[in-house]
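Enquirer: Let me give you the structure first, and then I'll get to my questions.
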Amino acid sequence: MTPREAAIIEFGQWLQSPAGAYVLAWEQAQLDRCVSDIFGFHAVQLGLPQIDALRANRMPHRWAAHDSLLVPAALDLPLPAEGISTQASDARVALHCDFDALPFPSQSIDLMVLPHVLELARDPHETLREVERVLVPEGRVVIAGFNPASLWGLRQRAGHLRRNLRMSGRPLYLPAAGEFVGYWRLRDWLRLLSFEVEHARFGCWRPPLRSQRWLDRYQWIEPIAERWWPVLGALYFLVAVKRVRGMRLVGLARRERLQPQAAPAVVAHSRREPAEVE
């Protein structure tokens, strides 16, 4: 097992905690609301098999891609086959591939969903480039990730600092592996790849607590935080559109009728020529 596969398994085990269930519930609600209004023919979810990001989507061809065969097996999840499997109870096709080398032709996918993929990717820049390559013009990418500028992110950084100073052996609140990509940083990456952010929001404002009992006690803070400090949510969720400059969608070509050319104007001269004298 590689260190990256161990990190993904650690992240999957953290999602089974009360805080992880809180995160999954919020993200599933956002995904169901978002992907139901995105139309096309082909949709792909990369990673995070604990969530069904495309269950509300109505595209005829949907893929659930994983980049490791060990991860679903370690988490007691459906195991994807090598390549494409036609056995899928929920209308999704299981796919095993590398996220930085997607097995799709260029400009062939209408929707890509990346829940926490960039945080655990080998190369997040290359993964985004692959997403841009396979998306059709005006195709959409949906990304969810942890917000470093939140109480959860601050507690995570404080835990790393204590570990470096050997002041505490307590486990971190969030999974130790992976680099959290900030929201504004991600927007800059998308802008460089000609993406335009269409919709974005933050969520999960409860304090970073471990027990379900204490998380439930702070449920009252959700509407207040969403109104007064929305950018401090523990998670961000955005939808970006692939823009292709210089491209214009046109319909069927129609033959234009030729307009009859106007006849040349005839100007009559009022001056008479002098008669010839014999």
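Enquirer: If the requirement is being among the aliphatic types (A, V, I, L, M) and modelled with pLDDT of 95 or more, which of these qualifies: Leu235, Leu174?
Expert: Leu235
Enquirer: I'd like to verify a number: residues in region 1-17 that are open to solvent by 40 Å² or more (accessible area, probe 1.4 Å) and either within 27 Å of Arg58 (Cβ to Cβ) or part of a helix (DSSP H, G or I) (or both), how many?
Expert: 5
Enquirer: Sticking with this one: Given the options Ser194, Ser211, name the one that is under 30 Å from Arg133 (Cα atoms), among the polar types (S, T, N, Q) and modelled with pLDDT of 90 or more.
Expert: Ser194
Enquirer: Can you tell me how many residues in region 226-244 are open to solvent by 10 Å² or more (accessible area, probe 1.4 Å) and in contact (Cβ under 8 Å) with a residue 40 or more places away in the chain?
Expert: Residues that pass the stated criteria total 4.
Enquirer: Then there's this: Inspect all residues belonging to region 216-225 and state whether any of them is buried (at least 17 other Cβ atoms within 10 Å of the Cβ), closer than 17 Å to Ser150 by Cα, of a type outside the set (D, E, K, R) and free of Cβ contacts under 8 Å to residues at least 40 places away in the same chain.
Expert: Let us first name the residues in region 216-225 that are buried (at least 17 other Cβ atoms within 10 Å of the Cβ), namely 225.
Checking the rest, the ones that are also closer than 17 Å to Ser150 by Cα come to 225.
If we keep only those that are of a type outside the set (D, E, K, R) as well, we get 225.
Going one step further and asking which of them are free of Cβ contacts under 8 Å to residues at least 40 places away in the same chain, we end up with 225.
Checked against the condition, which is being buried (at least 17 other Cβ atoms within 10 Å of the Cβ), closer than 17 Å to Ser150 by Cα, of a type outside the set (D, E, K, R) and free of Cβ contacts under 8 Å to residues at least 40 places away in the same chain, region 216-225 yields at least one hit.
Enquirer: Still on this structure, please answer the following. Looking only at region 39-69, count every residue that is over 20 Å from Glu138 (Cβ atoms), open to solvent by 20 Å² or more (accessible area, probe 1.4 Å) and touching a Ser or Thr at 6+ places or on another chain (Cβ under 9 Å) and tell me the total.
Expert: Total meeting the criteria: 1.
The values are calculated or read from the model by the stated rules, or taken from the named source; none is laboratory data. Since we're looking at a predicted model, the values are computed, not measured. Glycine gets a Cβ as well: all are built from the backbone with ideal geometry, and neighbour counts include every protein chain shown. Remember, those area values only see protein heavy atoms, side chains included, never the ligands or the DNA or RNA. Shrake-Rupley method; radii C 1.70, N 1.55, O 1.52, S 1.80 Å.
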